[in-house]
1. At what distance in angstrom do the alpha carbon centres of the range 217-249 and the range 114-184 lie from each other?
2. Just to be sure I understand the model, the point goes 7 Å from the Cα along the line to the Cβ. What's the resulting Glu151 to Glu251 distance in nm?
3. Taking the simple approach of a point 7 Å from Cα along Cα-to-Cβ for both His177 and Arg87, what is their distance in nm?
4. Over the range 97-238, what per residue volume does the convex hull of the Cα atoms give, in whole Å³?
5. If the viscosity is 1.306 mPa s and the temperature 10 °C, what Stokes-Einstein diffusion coefficient in µm²/s follows for the range 150-223 when Rh is the Kirkwood radius over Cα pairs?
Amino acid sequence: MPDCLEGKKKGAAGVDWPGGKLLLALLVVLSVLLVVGCKQRQEESPTGAPMALEPVALCRSSTALLPVVVAEKQGFFAGQGLAVSVREAIMGKEALERMFRGECDLATAAEPPVVEYVRKRDDFRLLGALQNSDNLNRIVARADHGVTKPEDLRGKRIGTAKGTAPHYFLELFLEKHGLASRDVAMVFMKSDELLGALTSGKIDAVSMTNKVVSQAQEALQGNAVLLEEPGLYRNYYLLVATTKLLEKRPEVAVRFLRALAKAEEFIRDRPEETLAIAQASHGRKVSSLEIKQLLEGYQYRLTLDHAMLMGLEETARWMDVLAGNGRSPVPNFLAMISPEPLRTVQPDGVRLEK
């Protein structure tokens, strides 16, 4: 018997005066109502029994997505009533494809795969950029294959994943250093094949993101040559959701973003604890340089801004040239953006020109 009913239980005992039966009946009804009331208060209380968490699946393109990792490890998703299951993918295109196969409600990806699928389908929406970096994509080359500086890439075999952000960066990098794509031999491979091809010597260099870059440096040791160009290309990691989720469970998107906002605040305010989480999330020993890049190389801020929109449009133009489509109309990316969830969570993060 709950504590709030103990007094009523004792007061009702031994009723034998006239009208006592009626009074006893009324007390029984009151006791039932009190039981219901106590039960409701216990369910609503933060210290009461935990409520069931609503499941939501995320296809995540990279463990470099620190806000997602922090939100998971610190219980921010659970605090928003969500049970988030994560499906890992090396690249954003793979994450999107898994979402389209029905494996996930949400996915993360950089601009190129988002641009590709905007032209093909209308069943997903962009919720915001989780983080951005102007030095995410880099090139690792083999010194024993004669590469020590950017100009040495002429005539070399460079592996990358076609139509991805690292591919776009490679094109920009070559142009920056007086080379064209025809001056090198681009070798397009699946993202999970690139590291093996580089370490075995089948290719001379690889253009990829942090995870593969760091693994290549670790595998090649002193034979690795890192080629980078900070500021050349600002890369956004985007969060997208299926229209099914936004139509049937719109509050899930809001709660998911609210958990990420708490995670980004945690990253800014508690760098030492974030460092420990980042180390543990990799499941292996991570160099201090890699962690520094993870913590300092990104801007962690949920946004929907004009710079992101312009980046999508520039990526679309590049992909048209790549596909030989000439000057095709740029997609209307504003129509593919759903700003309401982020505006609910972080209004100043939405800065889109009308």
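None of the figures in this text is laboratory data; all of them are computed from the coordinates on show. Model, not experiment: these values are computed from the prediction. With ideal geometry, Cβ positions are generated from the backbone for all residues, glycine too; neighbour counts draw on all protein chains shown.
1. Distance between centres, Cα-based: 11 Å.
2. It is 6.4 nm.
3. Result for the modelled spin labels: 3.7 nm.
4. In the range 97-238, the Cα convex hull volume per residue is 115 Å³.
5. Details: Rh = 12.3 Å.
Rounded, D is 129 µm²/s.
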